[in-house]
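Just below is one structure, and these are the notes that go with it.
The values are calculated or read from the model by the stated rules, or taken from the named source; none is laboratory data. What you are looking at is a predicted structure, and each value in this text was computed from that prediction instead of being measured. Please note: Cβ atoms are built from the backbone with ideal geometry, for glycine as well, and neighbour counts cover all protein chains shown.
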Amino acid sequence: MGSRIPRLLLFDIDGTLTHSAHKDAGNPILNALSASFGQTITRNGIAFSGGTDPSICRELLTGNGILPSNCMEYDLKILEAFKLLPGIMKDGMKNESYTWNILPNVNNLLEALSKRNDVRLALLTGNLQTSALLKLQSAGVVTNLFIVDGVESNLFGAFGSDHGDRSQLVKIAKERYEKLLGCSIMPNDMVIIGDSSKDIECAHSNNVPCVAVTTGNHGKKDLEHADRLLDGGFVDIEESIQAILQTKR
């Protein structure tokens, strides 16, 4: 990694920075899809971890027998669900049926990293950008460290609203950073920090290093192919910083 280029730190959200602690209101995506498609959409064992909102929606719909071949307005109804999602999340946050909590030491780590001139904080998440902001705000994560141009809603990185394929999000984040810098970067000028095997897969498919944390739904065995593993998450701030700065492919 060239010293002239601050390393782009791409943080996942769910299971890495935050975790959900919802009551009995169900999942916001399930409720948005149910409202849009006019029928109850159930989870049916679909795993959300590491997925993108578009890919999760399609898996959920398939699990409920809804396909493009038997639903003429399939894509339009998914888009409608995405439009409904922020309102559903906000209503749930107000009545405390939807809650996201910050994971240990997250703000301490982010604030320590933000004081360095050799890194740039960013997000790489399957959440839509609007959902990402709401989750971070609900959990109390210092969102101002991720914004560009001083606009709170303008989080820097790549999101499920950009593409449904997580590996493509890495390319999008790279392109945005190159545009911001005005020069090209190499894969080792980036690092992905996440809690799932899909975080590792999307990183490695782009030859980008990945630091994994065991604060989500995946244990050490599931994450053993990460370039670096932080068991228990960001328990040790200095160890976490060194892992994020030094891990390479």
| message | Out of the residues in the stretch 41-83 meeting the condition of being touching a Ser or Thr at 6+ places or on another chain (Cβ under 6 Å) and closer than 16 Å to LEU128 by Cβ, tell me which one is modelled with the lowest pLDDT. | response | GLY50
| message | For the condition within 26 Å of GLU175 (Cβ to Cβ), in contact with a Gly (Cβ under 8 Å, 6 or more places away or on another chain) and among the polar types (S, T, N, Q), what is the one hit in THR42, THR16? | response | THR16
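For the stretch 145-204, what are the residues that are touching a His at 6+ places or on another chain (Cβ under 7 Å), among the charged types (D, E, K, R) and surrounded by fewer than 17 Cβ atoms within 10 Å (Cβ to Cβ)?
Taking the stretch 145-204 first, the residues touching a His at 6+ places or on another chain (Cβ under 7 Å) are 169, 172, 195-197, 200.
From what is left, the residues that are among the charged types (D, E, K, R) are 195.
Residues satisfying the conditions do not exist here.
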| query | Could you list, in sequence order, the residues of the stretch 105-117 that are touching a Gly at 6+ places or on another chain (Cβ under 9 Å) and exposed (fewer than 13 other Cβ atoms within 10 Å of the Cβ)? | reply | none
| request: Any residue in the stretch 178-190 that's in the same structural domain as ASP227 (by TED's automatic domain parsing): show its pairings with residues that are assigned to a loop (DSSP other than H, G, I, E, B) and among the charged types (D, E, K, R) at Cβ separation under 8 Å, as long as the two are six or more apart or on different chains. | output: PRO187/ARG249; ASN188/LYS248; ASN188/ARG249
| out of contact with any Pro (no Cβ under 9 Å at 6 or more places or on another chain) and either of a type in the set (Ser, Thr, Tyr) or buried (at least 20 other Cβ atoms within 10 Å of the Cβ) (or both) - does that describe any residue in the stretch 86-95? | no
